[in-house]
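Please read the structure below before turning to the comments.
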Amino acid sequence: MKILIYGAGVIGSYLTHVLCAAGNDVTLLARGGWRETLEQSGLTIYHHLQKKVTRDRPRVIGALDREHYDLVFVVMQYQQMAAILDDLGRVDSSIVVLVGNNMSAGEMERHIRNCSAAPQRVLFGFQGTGGRREAERVVCVRFGEAGMTVGGLYKEPSLMEKRRLRSAFAGTRYRLTWAADMDAWYKCHLAFILPIVYLSYALNCNLKRATGRQIKTGLRAVREGYELLKALGYPILPENTIEKLYGFQGGLSYAVLRIMAKTAIGELAATDHCRSAVAELEALEKAFAALREQRPDFPMPNWDALRKAMPDWQALHLSYGKQEG
């Protein structure tokens, strides 16, 4: 299968590795010095938890070409997507999957379809990997072989779309999970990650300094985010997510987050992204704030306490601007 990966950060790189391992004809779109590294040395990934190094040789391009692709995966930061939507509407592929946090999924879907000369199916996905890109390699943290939650804006992929996606990952242990409402899924995911982002910035991107009390405040803030979404009429997804924040399951969630915060996993899964994606996280917070404006009196004291403890966005850009990519 001929597949294009548009974006060569940590997520796009691991996705490229898996699709190459499945025997696909993979093209990776990258720019700048990283493109030169990929062309000269190939794609090198150090898999942190698995303690192994992989090297792949996808075809590398610097701009969209006229080739036909059976699948296109777009892996860009949220605030960067708007600049490439016209290109995506012109890409020669019947299925385009936008991967990553997205609070403007509906608008992006409409824009791509309006720009497309032929019918295009637009899907949305999220891959559960973290890490950082270094000078000559990617450091990736993942549990198992990782996977992707993928779906339409308000419905599951069609049978044809599911068949094509399964075929792309055939022979690997990469997990595909179908979602029927990616709009709500993205909002729920943002309610989970923003308190972690606030805490990371408050601690100068060093979660090892986090106290048990701060982590508990973070979990309470996540609950407040979910309750706000419920009040606005959104389902909490994935199902049974909110139960993991109460009682015995809540205790397990606290223990997992405490362990992650005190190890390199917290850095690779959270704070590395906070350092390199200030603009994206600012844009995502602004989008979530717009949801809060629909219920301005909804109480979120833990959420607000975490937000107040971090520096303002201007200061964060000054602190981490050189690391943003």
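Could we say that Leu237 is closer than 30 Å to Leu159 by Cα and without any contact (Cβ under 8 Å) to a residue 60 or more places away in the chain here? Reasoning before the result, please.
Values: closer than 30 Å to Leu159 by Cα: yes; without any contact (Cβ under 8 Å) to a residue 60 or more places away in the chain: yes.
Yes, satisfied.
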Every residue from the range 73-101 that is open to solvent by 10 Å² or more (accessible area, probe 1.4 Å), touching a helix residue (DSSP H, G or I) at 6+ places or on another chain (Cβ under 6 Å) and touching a residue at least 60 places away in the same chain (Cβ under 8 Å): Val75, Gln77, Tyr78, Gln79, Asn101
Residue in the range 194-207 that is nearest to Ala289 (Cα to Cα), counting only those that are in a helix (DSSP H, G or I) and open to solvent by 30 Å² or more (accessible area, probe 1.4 Å): Ile196
Residue check, Glu161 of a type outside the set (Gly, Ala, Ser), open to solvent by 20 Å² or more (accessible area, probe 1.4 Å) and either over 30 Å from Glu39 (Cβ atoms) or in a loop (DSSP other than H, G, I, E, B) (or both): no
Residues located in the range 230-241, provided they are more than 20 Å from the chain's Cα centre (by Cα) and of a type in the set (A, V, I, L, M): Ala231, Leu232
Residue satisfying all of: in the range 21-45; aliphatic (A, V, I, L, M) and assigned to a helix (DSSP H, G or I); farthest from Arg57 (Cα to Cα) among these: Ala21
Number of the exception - Leu153 against (1) open to solvent by less than 10 Å² (accessible area, probe 1.4 Å); (2) of a type in the set (A, V, I, L, M); (3) in a loop (DSSP other than H, G, I, E, B): (1)
The one condition in (1) surrounded by 13 or more Cβ atoms within 10 Å (Cβ to Cβ); (2) out of contact with any Pro (no Cβ under 8 Å at 6 or more places or on another chain); (3) touching a residue at least 40 places away in the same chain (Cβ under 8 Å) that Lys216 fails to fulfil: (3)
Selection within the range 107-150 - charged (D, E, K, R), open to solvent by 40 Å² or more (accessible area, probe 1.4 Å), part of a loop (DSSP other than H, G, I, E, B) and in contact (Cβ under 8 Å) with a residue 60 or more places away in the chain: Glu136, Arg137, Glu145
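The values are calculated or read from the model by the stated rules, or taken from the named source; none is laboratory data. Note that the coordinates shown come from a computational prediction; the quantities given were computed from them, not determined experimentally. Please note: Cβ atoms are built from the backbone with ideal geometry, for glycine as well, and neighbour counts cover all protein chains shown. Keep in mind that these areas ignore ligands, DNA and RNA; they rest on the heavy atoms of the full protein, side chains included. Shrake-Rupley method; radii C 1.70, N 1.55, O 1.52, S 1.80 Å.
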